[in-house]
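Beneath this line is the structure, given in structure tokens, with notes to follow.
The values are calculated or read from the model by the stated rules, or taken from the named source; none is laboratory data. Quick caveat, the model's predicted, so the values are computed rather than measured. Glycine gets a Cβ as well: all are built from the backbone with ideal geometry, and neighbour counts include every protein chain shown. These area figures cover heavy atoms from the full protein model, side chains too; ligands, DNA and RNA do not enter into them. Shrake-Rupley method; radii C 1.70, N 1.55, O 1.52, S 1.80 Å.
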Amino acid sequence: MAIFGGILIVIGIILFFVQKNYSTKLQSIRLATASTVADLQRIASEIAGEIGSGNLREYVKVRGIIRSDRPLISELKQEPCVHYTMRVVREYEEEHTTRDSENKTHTETRRGSETVSSNSQAIPFTLRDNSGELVVNPDGGNIDTVQVLNEFRQENSSGSSISFGGFNLSLGAGMGGRRTIGYRYTESILPCDREVLVIGTAADEGGQVTLRKPIQSDKKFIISLKSEEELAKSTANAAKWYLYGMVACLVIGAILLILGLILKK
């Protein structure tokens, strides 16, 4: 009982940090100043005229369309995008032998999986609204994506490599007694020509207004496919439910821990 209580307390502590992250994200959504590209270019020009260029630092939220003349091509699905994440997971079976209290052995087949390859890439892109365009540097951003691939392919026993789209992987000799069933390929992208909400720091770097990750840790850098209302609502709901989970785990964990210690005496 005491051990289970301790586990719940640890889970509660983890949920505390998760809830804090969502609360900070919600605060960032609310605090960022709604702006247009023209607004930021005007402010950058005014600041440059007063104290010189390179001094614009505004925490803003801007909505616009993703544009890129030279987009990334995603590794698996070969889709044009400005950001992608991919993963290849091997699914396998292996024999597992146990010995019971009567010293009898029992063998069963268990399934498992392991990631054999993963990759993520992002490039700066242009964000265009009705008033103009600016550059977004997505490094370090919390990026929404669209899943474009989730496919399982059975093992080709005759092959020494696997491939999918632009992806190729040579398979090592021997799999540790595990029989490969197949490979699952997943990929998500931030596609071109989609409307996004970008929340971040606007800076005039090299004469070009750029949205990038804030220096301050209490301000989030968000690139979302949701509207501001949808993003705020989903973030608030997540923060609320993680708070409930945290409180429940800490209270129940503390009760079980105390009862366990009392009964142990």
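Assorted remarks:
- Highest-fluctuation residue, Glu205, Glu93, Glu133 considered, GNM on the chain with Cα pairs under 10 Å: Glu93
- Surrounding net charge for Phe164, when Lys and Arg each add one and Asp and Glu each subtract one, Cβ distance under 12 Å: +1
- Cα-centred dipole magnitude for the chain, charges only on beta-carbon of K, R (+1) and D, E (-1), debye, nearest 20: 860 debye
- Lysines with Cα under 27 Å of Lys226, excluding same-chain neighbours fewer than 8 positions away: Lys20, Lys25, Lys61, Lys77, Lys213, Lys240
- Rounded if a/c under 1.5, otherwise prolate or oblate - the stretch 9-76, Cα gyration tensor axes: oblate
- Heavy atoms of Lys240 accessible to a 1.4 Å probe, total area in Å² rounded to 10: 80 Å²
- Separation between Cα centres of the stretch 1-34 and the stretch 213-265, rounded to whole Å: 3 Å
- Rounded percent of accessible protein surface that carbon and sulfur make up, the stretch 83-220, 1.4 Å probe: 39 percent
- Dipole magnitude of the stretch 145-265 about its Cα centre (Cβ charges: Lys, Arg +1; Asp, Glu -1), debye to nearest 20: 840 debye
- Size of charge dipole - the stretch 74-122 - debye, nearest 20, with Cβ of Lys, Arg +1 and Asp, Glu -1, no other charges: 140 debye
- Helical segments meeting 24 Å axial Cα length and Kyte-Doolittle 0.0 threshold in the chain (DSSP H): 2-31, 228-264
- Most mobile listed residue (Thr105, Thr36, Thr97) in the chain, GNM with C-alpha springs under 10 Å: Thr105
- Selection from Ala2, Ser170, Val198, by position along the positive dipole direction of the chain (Cβ): Ala2
- Surface calculation, 1.4 Å probe, protein heavy atoms: Val82 sits at approximately 0 Å² accessible.
- Long-range amide H partners of Arg194 with built H, under 5 Å: Ile66
- The solvent-accessible area of Asp193, taken with every protein chain present and a 1.4 Å probe, is close to 100 Å².
- Taking the C-alpha atoms of the chain, convex hull volume expressed per residue in Å³: 186 Å³
- Only Cα pairs under 8 Å and 6+ residues apart enter the sum, and on that basis the relative contact order of the chain stands at 32 percent.
- Cβ-based charge dipole, the chain, positive-most Cα from Gly253, Thr115, Val37: Gly253
- Using C-alpha pairs under 8 Å with a sequence gap of at least 6, the mean separation divided by the residue count of the stretch 1-98 gives a relative contact order of 16 percent.
- Mean accessible surface per residue for the chain, computed with a 1.4 Å probe while every protein chain stays in place, in Å²: 58 Å²
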